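Here's the structure, in structure tokens; my notes come after.
The values are calculated or read from the model by the stated rules, or taken from the named source; none is laboratory data. Predicted, not measured: the structure shown is a model, and the values here were computed from it. For neighbour counting, all protein chains shown are included, and Cβ atoms are generated from backbone atoms with ideal geometry for every residue, glycine included. Only protein heavy atoms, including side chains, enter the accessible area calculation; ligands, DNA and RNA are left aside. Shrake-Rupley method; radii C 1.70, N 1.55, O 1.52, S 1.80 Å.
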Amino acid sequence: MALQMDREALNIFLDRAFPQVAGQVRVESLDERLLVSRLAVDHQHLRPGGTVSGPAMFALADVTIYLAILARIGEVALAVTTNASIDFMRKPEAGRDLLAECRILKLGRVLAVGEVLIHSEGVEDPVARCSMTYSIPPKR
């Protein structure tokens, strides 16, 4: 399927539609099979002990899958998460941004399923794996 939005368009949409993550989450790269986003980790993403919090990693996964879907269907702001599962596998490296690699596994008219692997930048082993299902609103 041809992409409907490129990296620049997705980042502009993100800044406009989700100012709460503006400047924190960015699409790094995108092609027909993979979207990679970055969370610029700072003090607000940390939990006691100096590691990135679970909610910050979950938000990164959720935003990344959402953007990967929009890249394929165009700007549909009301696509929503209907199911989510996340496995936290190891502690993120302190002082490193997180990179999320997303693959869309199924894209239908009503539902989309995606999977994300999250890594600390420069570290091969993933810190988390997430799968999500999104509901896509009907076209008007």
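Take the conditions (1) within 16 Å of His119 (Cα to Cα); (2) among the hydrophobic types (A, V, I, L, M, F, W, C); (3) in contact with an Asp or Glu (Cβ under 8 Å, 6 or more places away or on another chain); (4) open to solvent by 40 Å² or more (accessible area, probe 1.4 Å); Leu3 misses just one of them, which is (1).
Does Ala84 satisfy the criteria of being assigned to a helix (DSSP H, G or I) and among the small types (Gly, Ala, Ser)? The answer is no for Ala84. Restricting region 102-121 to residues that are touching a residue at least 60 places away in the same chain (Cβ under 8 Å) and within 10 Å of Ala68 (Cβ to Cβ), the residue that is farthest from the chain's Cα centre (by Cα) is Leu107.
Close contacts from region 10-37, counting a first residue that is touching a residue at least 40 places away in the same chain (Cβ under 8 Å) and a second that is hydroxyl-bearing (Ser, Thr, Tyr) and surrounded by 14 or more Cβ atoms within 10 Å (Cβ to Cβ), with Cβ to Cβ under 7 Å and a gap of 6+ residues or different chains, come to Val27/Ser37; Glu28/Ser37; Leu35/Thr64; Ser37/Thr64.
Tell me, please, whether a residue that is over 24 Å from Asp125 (Cβ atoms) and loosely packed, with under 12 Cβ neighbours inside 10 Å can be found in region 42-57. The answer is yes; a qualifying residue exists.
Do we have Ser131 as buried (at least 21 other Cβ atoms within 10 Å of the Cβ), polar (S, T, N, Q), in contact with a strand residue (DSSP E or B) (Cβ under 9 Å, 6 or more places away or on another chain) and farther than 22 Å from Ala22 by Cβ here? Criteria not met by Ser131. For the criterion of being open to solvent by less than 40 Å² (accessible area, probe 1.4 Å) and at pLDDT 95 or above, Met89 fails.
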